[in-house]
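All remarks here apply to the structure that follows.
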Amino acid sequence: MKVVEDHVEVTETEASSGVKGHNVRYVLAFSLIAAVVILSLIWIVPALLQP
């Protein structure tokens, strides 16, 4: 990072200083599938147990 006149200039790497990757898509996919399965079980099991 360097100061030029009245503003600061940063490189592309410095500007995107967040962490990329770390298998976020897998966590999101697993959470979505788990939520669908759990909510489906909550709906289906009582329906099957009704006389």
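Computed quantities for the displayed model
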| quantity | calculated |
| --- | --- |
| Some residue of region 11-19 being without any contact (Cβ under 8 Å) to a residue 60 or more places away in the chain, over 29 Å from the mean Cα position of the chain (by Cα) and not in a helix (DSSP H, G or I) | no |
| Test: residue in region 30-47 that is surrounded by fewer than 10 Cβ atoms within 10 Å (Cβ to Cβ), of a type in the set (S, T, N, Q) and either free of Cβ contacts under 8 Å to residues at least 40 places away in the same chain or not in a strand (DSSP E or B) (or both) | no |
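Just so you know, all these numbers are worked out from the coordinates, no wet-lab data involved. Predicted, not measured: the structure shown is a model, and the values here were computed from it. Every residue, glycine among them, receives a Cβ derived from its backbone with ideal geometry; neighbour counts consider all protein chains shown.
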